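Shown next, in structure tokens, is the structure this report addresses.
The values are calculated or read from the model by the stated rules, or taken from the named source; none is laboratory data. These numbers were taken from a predicted model, which means no experiment stands behind them. Heads up, the Cβs are rebuilt from the backbone with ideal geometry, glycines too, and the neighbour counts pull from every protein chain shown.
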């Protein structure tokens with residue numbers, strides 16, 4: 001199966017690409033083309049199959065260009081991991097329209113646009129799997145993360161609608177809802193000492209008393225993409241160390 005991974009240049013996306021690449025051709029799509037190239041090169045040097053492409057998932061023009069850049073060796077796409085995401089930490093009374101749009105468009109509009117681009121190939125084959133990256137914040141809130149929480153709740157709702165519309169047509173759709181995972185995005189925008197203090201705060205709240213690893217989320221995505229999850233549709237699975245029990 002050929003699998004497209006958005007946000008594949010780092011963190012959970014990169015870990016998923018590396019996990020899948022020994023069994024699938026992975027297309028690593030990222031706004032940071034250099035990062036996508038680096039992950040693809042690492043995979044190829046290890047004997048896997050990977051292709052890097054550039055995309056801004058919030059732009060229909062960019063998504064169209066991405067699809068045109070994916071070579072025939074990676075077509076048709078049978079798996080899609082909608083994973084691209086950004087975050088802006090601002091309270092509700094301070095977040096700007098520009099910041100709100102950037103977060104919501106990347107997460108929600110991005111899932112819509114990329115899914116719309118890939119679904120025709122899955123529908124033609126009468127089979128396919130989509131996994132969307134939601135979050136614990138799909139079901140709980142967090143101060144200072146209004147845009148992110150709203151976007152992830154929307155991704156979870158969109159996942160359920162997609163499952164209702166496409167499961168009967170051979171396409172399974174589910175979501176992964178990670179808890180606190182030690183990724184570059186979690187540390188972004190913070191000084192090293194501040195980032196470490198934030199991680200310690202998270203650890204204190206997690207029953208397992210540790211942060212999650214990107215590879216642990218990748219394992220769940222791998223499962224959802226596989227036939228082992230053949231009777232699972234419209235669900236959100238939370239690798240979160242027990243932080244949120246749902």
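Couple of notes before you dig in:
- Among the candidates 69, 65, 60, 74, residue that is farther than 26 Å from residue 178 by Cα, surrounded by fewer than 17 Cβ atoms within 10 Å (Cβ to Cβ), in contact with a strand residue (DSSP E or B) (Cβ under 6 Å, 6 or more places away or on another chain) and modelled with pLDDT of 95 or more: 69
- Only one of 79, 85 that is touching a strand residue (DSSP E or B) at 6+ places or on another chain (Cβ under 8 Å), part of a loop (DSSP other than H, G, I, E, B) and buried (at least 20 other Cβ atoms within 10 Å of the Cβ): 85
- Residue list for segment 22-47, restricted to those being within 16 Å of residue 71 (Cβ to Cβ) and touching a residue at least 12 places away in the same chain (Cβ under 8 Å): 24, 25, 26, 27, 28, 29, 33, 36, 37, 40, 43
- Looking at segment 1-54, the strands (runs of 3 or more DSSP E) lying wholly inside it that each contain 2 or more residues that are surrounded by fewer than 24 Cβ atoms within 10 Å (Cβ to Cβ) sit at 49-54.
- 1 or more residues within 18 Å of the chain's Cα centre (by Cα): qualifying helices (runs of 4 or more DSSP H) within segment 157-240: 184-187, 214-225
- Residues being in a loop (DSSP other than H, G, I, E, B), surrounded by fewer than 20 Cβ atoms within 10 Å (Cβ to Cβ), at pLDDT 95 or above and touching a strand residue (DSSP E or B) at 6+ places or on another chain (Cβ under 9 Å) are entirely absent from segment 110-122.
- One residue from 82, 87 being modelled with pLDDT under 95 and under 20 Å from residue 145 (Cβ atoms): 87
- The listed residue being more than 24 Å from residue 59 (Cα to Cα), surrounded by 14 or more Cβ atoms within 10 Å (Cβ to Cβ) and in contact with a strand residue (DSSP E or B) (Cβ under 6 Å, 6 or more places away or on another chain), out of 128, 144, 212: 212
- Residues of segment 89-109 that are in contact (Cβ under 8 Å) with a residue 60 or more places away in the chain and buried (at least 18 other Cβ atoms within 10 Å of the Cβ): none at all.
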